[in-house]
Amino acid sequence: MKKIVHFHLIFLLLFGFSTISSAQNVSISSDVAAELTVCANAKSFTVDITNDASASLTGISLNIAFPQGITYVAGSVVETTSYTSYGITQGNISNLASVNFTIDNLPKDSTVSMTFDAKAGFDAIAYQTAGNIFRNNMTVTYNGGSQSEQSDAYNILFAALSITQVTPITKSVFVGGSYLRQVKVVNGGYGRINSFVLNDVYDNTKVKTTATNKGTLSTDGSKITLTSADFMSIGNGDGWLDLNETIIITETVFAVGCVDAQSQLYATWGCDAQTTSSNSKYPFTNVSLYAPNIKSSAIPSFNTCLNINNANQQQILLINTGSGPANDLNVQVYQTKNNAYDLGVFSKIDANNIKYKIGANGTFTTIVPTLTQATTNTGALSCLGSNPIGKFILNLPVLQPGDSMFVVWDSYTCDNITECGTVDLIGWDYEVSYTDMCYQNTYNQNNQAGQVPKKKSFSVFAEYPTDLSDGQTGEFSFRLTGASFEMPMTGNNPYFAVKFTIPAGLTWSGNNNDLTYVGGNSTWTPSSVTYTNGVLEARYAFPEPFNLLNSEFQLDLTGNCAAGNGLLTVDMQLFFVMDALCSPASEIPMTCPTSTTTQLHCPGGNCVGMGFNGFKVARTSFGLPDNNKDGLPDATGSLNMNVIELDRMMVNDTFNTTFTGTVHTNLTYPNWQYGYAYTKMPRGNEIDIIGAKITVIDQSTGQTRTCNNVPFTSVLAGNNRNIDFDYSAATLASLGCSSFNGFVYEDGDQVTLTGIYKVIGNIGASTSEVVITNNEFYLSNIQNPTSSSNKFSCDDWNGRFTLIGYELDNYNSNSMTLNKCEEDITQYYKFQVGSGDVFNDLFPNEY
């Protein structure tokens with residue numbers, strides 16, 4: 001565009017007045033670029049200066065002042081005057097927004113022409129945004145005057161970047177993984193640019209941009225710089241990002257950390273040390289972990305030849321079946337009876353020789369535990385030696401996905417075990433804990449079964465005759481009321497060995513039928529029986545034919561006054577041998593020694609008064625026959641009294657105590673008028689006497705005299721019931737027993753006095769031995785004698801029986817409130833008879 005300004009001298013005469021303006025000596029014309037693009041290439045401007053004066057102009061200078069943001073391109077001025085030159089020279093350009101040029105003398109009617117370049121800087125944007133118009137101000141100064149002029153208006157163009165799409169805007173990735181993210185940038189402005197920066201703001205401890213398919217990525221991954229070369233393949237291919245042209249940058253994003261991360265994406269462009277930004281996008285990286293998953297299993301071992309010096313190698317196998325490594329891998333091993341660490345196990349761990357290896361073909365490495373804990377070595381556990389270890393913790397190396405690890409150590413078990421109570425051998429459990437690769441999640445495997453304890457716990461209840469006479473046979477029964485038996489059967493020919501110590505005065509017949517081991521309907525036949533020096537030993541080879549609980553050893557012994565007399569003790573103890581081929585074969589006591597005491601009554605001496613020959617306790621109330629022991633009453637048949645347990649009683653049962661004796665007289669005491677008996681009955685709160693009767697076989701006449709209402713007195717003293725009987729003939733006769741009218745007790749008379757009792761109290765889920773030791777059975781010729789010198793009796797007999805209780809427990813509330821219609825109500829009960837197991841059959845052969 002060119003603008004020509006003409007200056008004329010005008011004379012005006014108006015209403016007699018005249019005004020003369022001074023002549024205009026210079027005219028200025030210019031052409032401007034239609035538009036400039038901010039931060040882009042410069043464009044050319046032209047200026048023509050014409051001398052309209054009548055003489056040459058001298059001392060000429062030209063000043064061009066540009067609007068905000070427009071600057072002169074230094075050195076770009078070129079004189080374009082036709083056919084001649086007026087020596088245009090670039091002057092002071094220290095401020096490129098206002099530059100000066102000098103021109104040589106310009107003859108009249110001559111025009112000097114020039115071109116120069118100008119460019120739009122970043123500040124031009126603000127100038128235009130503020131609504132200003134872009135014009136150049138031109139001033140020509142010469143000797144004698146000056147002239148100014150504005151150029152025509154021109155426009156500026158600038159880019160407007162926008163991020164229109166990020167794909168994906170959200171992405172899930174595993175730690176250590178990467179993914180591609182596309183960023184679409186479009187230029188929505190009229191101005192073009194040949195470079196910009198894509199900024200990626202993120203926490204580089206979480207994610208990082210590691211690569212790009214366009215531009216140059218900064219070292220820290222936070223900037224991608226795109227230049228003209230990147231724009232050659234888009235749009236019109238001119239190396240510029242023009243209006244509505246789009247470029248797509250593909251980033252590679254790497255998950256560095258272990259937590260989710262958000263990024264900020266925005267584009268910047270500019271010049272003159274200034275930039276402007278596009279909109280922002282906020283892509284999100286959801287970081288997932290490669291989780292470890294350890295499958296653990298135990299590989300235990302147990303040497304059935306017990307020896308404190310024999311190693312039992314134990315192993316734990318760990319396999320990482322997950323997708324991530326297992327860090328902070330810890331294994332804790334501890335001896336146990338039942339899940340928790342226990343100090344009472346008859347084993348110890350060698351903590352100085354713990355090893356591990358990675359993979360089945362790996363090499364073992366010895367590892368020192370981070371913690372060890374001692375177990376008990378006193379009392380029965382002294383066999384473990386000094387400082388035995390029962391627990392250790394290991395801090396193991398990282399276990400990578402797909403790898404396996406073996407942890408190996410040795411355990412040692414006591415051989416000379418003397419503990420007859422509860423014993424646990426070599427039982428151990430373990431725990432495993434580990435974290436993921438980022439130490440964020442902790443995984444725990446608690447109370448993992450390593451080796452089930454080899455354990456036993458037995459209790460014995462003995463039933464036996466308190467008294468035997470010479471030649472009399474009695475049954476000594478030893479019932480296993482507790483029988484927890486979890487010993488290994490992997491040894492060679494394991495067996496039970498029961499040992500009875502039989503004192504002189506009691507004799508075993510040598511007949512195997514006089515030693516039986518029964519459980520339910522089955523009998524366990526011994527593999528061998530020896531009887532040497534008063535020790536009877538029977539061995540029972542496994543497997544056992546019945547449940548050990550409530551099984552009984554039944555031993556028949558006969559009194560032998562030729563060998564001994566008085567109080568005789570029989571001891572019983574049960575042992576277990578795991579391996580018969582071990583040398584020596586270790587006998588583990590299953591039970592503690594159980595002792596019974598029996599009084600052997602031997603004949604001898606002269607007796608005056610009542611020869612006390614026996615005292616017997618026997619139940620008189622019975623159930624229905626159950627001879628096949630199936631727990632149901634038999635359809636036919638009757639009770640087999642030979643197998644009924646007559647010495648066992650429960651609440652509401654009745655039983656008899658029977659005194660038997662023979663009357664002895666001499667010349668001083670040819671007969672006896674009075675007879676008395678006394679019993680101190682234990683557990684008198686649960687037992688009451690309900691009657692008494694007597695039978696006398698008169699030696700002189702052969703007559704049997706009876707009375708079914710023998711008088712008695714019963715006094716409760718503490719937990720004992722003191723009972724006195726009066727079987728004096730006159731007393732019986734006065735009560736209507738006419739056969740005793742005029743009767744006196746004479747030599748050889750056989751007397752049987754029976755007390756009739758009833759169990760009136762329940763002792764709960766327990767079994768109690770009741771031993772009656774304070775019995776008196778005597779004759780006198782003094783009524784109700786108090787002095788022992790007036791009580792004539794020979795010997796004393798005791799008795800015993802087993803008192804059994806029961807318990808019924810309700811496992812639900814005793815009352816229920818129904819809030820809706822229900823057809824069924826569930827109620828749970830527990831019924832237990834005696835101590836020990838719920839399913840005790842303490843009255844076999846009865847229902």
For the stretch 744-805, please list each of the strands (runs of 3 or more DSSP E) lying entirely inside it that holds at least 3 residues being over 60 Å from the mean Cα position of the chain (by Cα), at pLDDT 95 or above and not assigned by TED's automatic domain parsing to the domain that holds Y669.
none
Take the residues of the stretch 591-600 that are crowded, with 19+ Cβ neighbours inside 10 Å and in contact with a Cys (Cβ under 8 Å, 6 or more places away or on another chain): which is farthest from T773 (Cα to Cα)?
T591
If we ask which residues in the stretch 274-292 are part of a loop (DSSP other than H, G, I, E, B) and either touching a His at 6+ places or on another chain (Cβ under 8 Å) or of a type in the set (G, A, S) (or both), their number turns out to be 1
Pairs with Cβ under 7 Å, 6+ apart, first in the stretch 315-341 and over 29 Å from T413 (Cα atoms) and touching a residue at least 40 places away in the same chain (Cβ under 8 Å), second small (G, A, S) and not in a strand (DSSP E or B):
N320/G402; G322/A291; S323/A291; G324/A291
Residue in the stretch 493-516 that is surrounded by the most Cβ atoms within 10 Å (Cβ to Cβ), counting only those that are in a loop (DSSP other than H, G, I, E, B) and under 48 Å from the mean Cα position of the chain (by Cα):
P494
Search the stretch 207-222 for residues that are under 20 Å from G257 (Cα atoms) and pair each with any residue that is β-branched (V, I, T) and assigned to a loop (DSSP other than H, G, I, E, B) when their beta-carbon atoms are under 7 Å apart and the residues are at least 6 apart or on different chains.
V207/V256; K208/V256
Considering the stretch 643-690 alone, what residues qualify as being within 56 Å of the chain's Cα centre (by Cα) and not hydrophobic (A, V, I, L, M, F, W, C)?
E645, D647, R648, N652, D653, T654, P682, R683, G684, N685, E686, D688
When the stretch 682-718 is examined, which residues are found to be of a type in the set (D, E, K, R), over 16 Å from E746 (Cβ atoms) and surrounded by 17 or more Cβ atoms within 10 Å (Cβ to Cβ)?
E686, K693
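Going by what's in this entry, would L241 be described as over 25 Å from V173 (Cα atoms), among the aliphatic types (A, V, I, L, M), surrounded by 17 or more Cβ atoms within 10 Å (Cβ to Cβ) and in contact with a helix residue (DSSP H, G or I) (Cβ under 9 Å, 6 or more places away or on another chain)?
Values: over 25 Å from V173 (Cα atoms): yes; among the aliphatic types (A, V, I, L, M): yes; surrounded by 17 or more Cβ atoms within 10 Å (Cβ to Cβ): yes; in contact with a helix residue (DSSP H, G or I) (Cβ under 9 Å, 6 or more places away or on another chain): yes.
Answer is yes for this residue.
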Please verify whether S621 is exposed (fewer than 13 other Cβ atoms within 10 Å of the Cβ), hydroxyl-bearing (S, T, Y) and modelled with pLDDT under 95, treating the condition exactly as stated.
no
Which of the residues that make up the stretch 423-436 are out of contact with any Phe, Trp or Tyr (no Cβ under 6 Å at 6 or more places or on another chain) and farther than 17 Å from T375 by Cα?
E431, V432, S433, T435, D436
What are the pairs, 6+ residues apart or on separate chains, where a residue within the stretch 688-708 that is without any contact (Cβ under 8 Å) to a residue 40 or more places away in the chain has its Cβ under 8 Å from a residue that is among the acidic types (D, E)?
T704/D698; R705/D698
So V201 ticks every box in (1) in contact (Cβ under 8 Å) with a residue 60 or more places away in the chain; (2) crowded, with 21+ Cβ neighbours inside 10 Å; (3) among the β-branched types (V, I, T) but one. Which box is left unticked?
(2)
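Could you tell me whether T701 is within 27 Å of N784 (Cα to Cα) and not in a strand (DSSP E or B)?
no
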Which of the residues belonging to the stretch 293-313 are within 23 Å of S382 (Cβ to Cβ) and outside any loop (DSSP other than H, G, I, E, B)?
N312
Answer with yes or no whether N521 is closer than 21 Å to F485 by Cβ, polar (S, T, N, Q), crowded, with 20+ Cβ neighbours inside 10 Å and in contact with a Phe, Trp or Tyr (Cβ under 9 Å, 6 or more places away or on another chain).
no
Where the second residue is at pLDDT below 95 and outside any loop (DSSP other than H, G, I, E, B) and the first is over 13 Å from V331 (Cα atoms) and lies in the stretch 436-449, which pairs have Cβ atoms under 9 Å and are six or more apart or on separate chains?
C438/V287
Among the residues of the stretch 470-491, write down those that are more than 28 Å from P543 (Cα to Cα) and either out of contact with any Cys (no Cβ under 8 Å at 6 or more places or on another chain) or surrounded by fewer than 15 Cβ atoms within 10 Å (Cβ to Cβ) (or both).
G471, Q472, T473, G474
Does the stretch 482-503 hold any residues that are at pLDDT 95 or above and among the aliphatic types (A, V, I, L, M), and which are they?
A497, V498, I502
Do we have any residue at all in the stretch 471-485 that's farther than 30 Å from Q832 by Cα, touching a residue at least 12 places away in the same chain (Cβ under 8 Å) and of a type in the set (F, W, Y)?
no
Flag if T679 is among the β-branched types (V, I, T), within 27 Å of N652 (Cβ to Cβ), touching a residue at least 12 places away in the same chain (Cβ under 8 Å) and buried (at least 19 other Cβ atoms within 10 Å of the Cβ):
yes
Note down all Cβ pairs under 6 Å where the first residue falls in the stretch 571-591 and is assigned to a loop (DSSP other than H, G, I, E, B), the second is at pLDDT 95 or above and hydroxyl-bearing (S, T, Y), and they're at least six residues apart or on different chains.
none
Within the stretch 625-681, count every residue that is farther than 26 Å from S768 by Cα, polar (S, T, N, Q) and touching a Pro at 6+ places or on another chain (Cβ under 9 Å).
2
Scanning the stretch 325-349 for residues that are over 23 Å from T376 (Cβ atoms) and either in contact with a Cys (Cβ under 9 Å, 6 or more places away or on another chain) or not assigned by TED's automatic domain parsing to the domain that holds V432 (or both) gives N327
Can you work out which of the residues in the stretch 464-481 that are polar (S, T, N, Q) and touching a Ser or Thr at 6+ places or on another chain (Cβ under 9 Å) is modelled with the lowest pLDDT?
T481
Under the condition of being part of a strand (DSSP E or B) and under 60 Å from the mean Cα position of the chain (by Cα), which residue from the stretch 719-732 is surrounded by the most Cβ atoms within 10 Å (Cβ to Cβ)?
R721
Of everything in the stretch 341-356, what is in a loop (DSSP other than H, G, I, E, B) and either within 24 Å of the chain's Cα centre (by Cα) or within 24 Å of L399 (Cβ to Cβ) (or both)? Give them in sequence order.
D342, L343, G344, V345
Picking from E431, E419, the residue that is touching a residue at least 40 places away in the same chain (Cβ under 8 Å) and closer than 14 Å to Q335 by Cβ would be E431
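The values are calculated or read from the model by the stated rules, or taken from the named source; none is laboratory data. Since this is a predicted model, take the numbers as computed values, not measurements. Virtual Cβ from ideal backbone geometry, glycine too; neighbours counted across all protein chains shown.
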